[in-house]
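S.K.: Take this structure, written in structure tokens, and hold onto it; I'll ask about it next.
The values are calculated or read from the model by the stated rules, or taken from the named source; none is laboratory data. For clarity, every value in this text was computed on a predicted model and none was experimentally measured. Cβ placement follows ideal geometry from the backbone for every residue including glycine, while neighbour counts extend to all protein chains displayed.
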Amino acid sequence: MKKFKADNFMFGALGTAVYAGLTVGSAIGTKAYQNSRNIQQILSGSLILNAICLVLFTFTNNYKFNLFLRFLTGIFQVFISIFTPVWADAFGSDKLKSMWITILLVCSPVGIFIGFTLTSILNNYAKWEFSFYIQGILVVPVAIAIYYQDKKYLNVDEAVAYRKKCTDRL
């Protein structure tokens with residue numbers, strides 16, 4: 001990374017910081033979901049903050065600040081990572097539930113693989129920052145879509161209660 005002359009250790013720490021954020025964010029995300037009923041604000045807000053961290057990372061030369069931004073990126077990614085399997089479990093039909101959860105869990109490593117592959121190709125034609133811009137920009141429409149989604153499609157508690165009510169009738 002030429003921007004602030006990162007050696008191998010520093011470059012590795014930038015990658016590790018995301019996973020440290022994911023680890024710490026797991027506790028934060030769990031508490032946030034337990035104490036809040038507004039899933040849309042949590043999901044869309046964390047995605048917007050994630051996009052801001054991704055883009056802001058490209059504008060600063062301060063290594064410590066960039067390390068902090070990568071840590072925050074991990075924290076903000078955790079909210080969607082925690083929610084999607086729970087959502088698939090609550091809303092999925094019994095026949096397709098395990099397939100949907102599997103697809104959701106595979107999306108993360110496949111997305112990482114595709115992201116690294118595209119970044120390595122893009123780096124031949126554009127600056128490294130471009131991949132962060134693309135990721136940050138692509139996250140925003142998802143956040144907006146979640147924010148304006150009808151709440152009935154995101155309310156896990158109601159879906160679980162409804163499924164229980166239906167099975168109690170049998």
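S.K.: Given the criteria of a type outside the set (F, W, Y), within 25 Å of R163 (Cβ to Cβ) and either without any contact (Cβ under 8 Å) to a residue 24 or more places away in the chain or crowded, with 17+ Cβ neighbours inside 10 Å (or both), does T84 qualify?
M.R.: Taking the combined requirement at face value, the residue satisfies it.
S.K.: So, one more: For region 129-160, give me each residue that is part of a helix (DSSP H, G or I), of a type in the set (S, T, N, Q) and either exposed (fewer than 15 other Cβ atoms within 10 Å of the Cβ) or touching a residue at least 24 places away in the same chain (Cβ under 8 Å) (or both).
M.R.: Matches in region 129-160: Q135 only.
S.K.: Determine whether I103 is over 22 Å from P85 (Cα atoms), in a helix (DSSP H, G or I) and among the β-branched types (V, I, T).
M.R.: For I103, the condition - over 22 Å from P85 (Cα atoms), in a helix (DSSP H, G or I) and among the β-branched types (V, I, T) - is not met.
S.K.: Could you list all residues from region 1-43 that are on the phi < 0 side of the Ramachandran plot and of a type in the set (K, R)?
M.R.: Residues satisfying the conditions are K2, K3, K31, R37.
S.K.: Check off (1) surrounded by 11 or more Cβ atoms within 10 Å (Cβ to Cβ); (2) modelled with pLDDT of 90 or more; (3) outside any helix (DSSP H, G or I) for Y125 and give me the number that stays unchecked.
M.R.: Looking at each condition in turn, Y125 falls short on (1).
S.K.: Another question, if that's okay. Against the conditions (1) of a type in the set (A, V, I, L, M); (2) in contact with a Lys or Arg (Cβ under 7 Å, 6 or more places away or on another chain); (3) surrounded by fewer than 17 Cβ atoms within 10 Å (Cβ to Cβ), where does A17 fall short? Just the number, please.
M.R.: Answer for A17: the failing condition is (3).
S.K.: Let me ask something additional. I'd like the residue in region 56-66 that is touching a residue at least 40 places away in the same chain (Cβ under 8 Å) and surrounded by fewer than 18 Cβ atoms within 10 Å (Cβ to Cβ) and, out of all such residues, is nearest to V24 (Cα to Cα).
M.R.: Y63
S.K.: Name the single residue that is nearest to F65 (Cα to Cα) among those in region 9-42 being polar (S, T, N, Q) and modelled with pLDDT under 90.
M.R.: Selected residue: T30.
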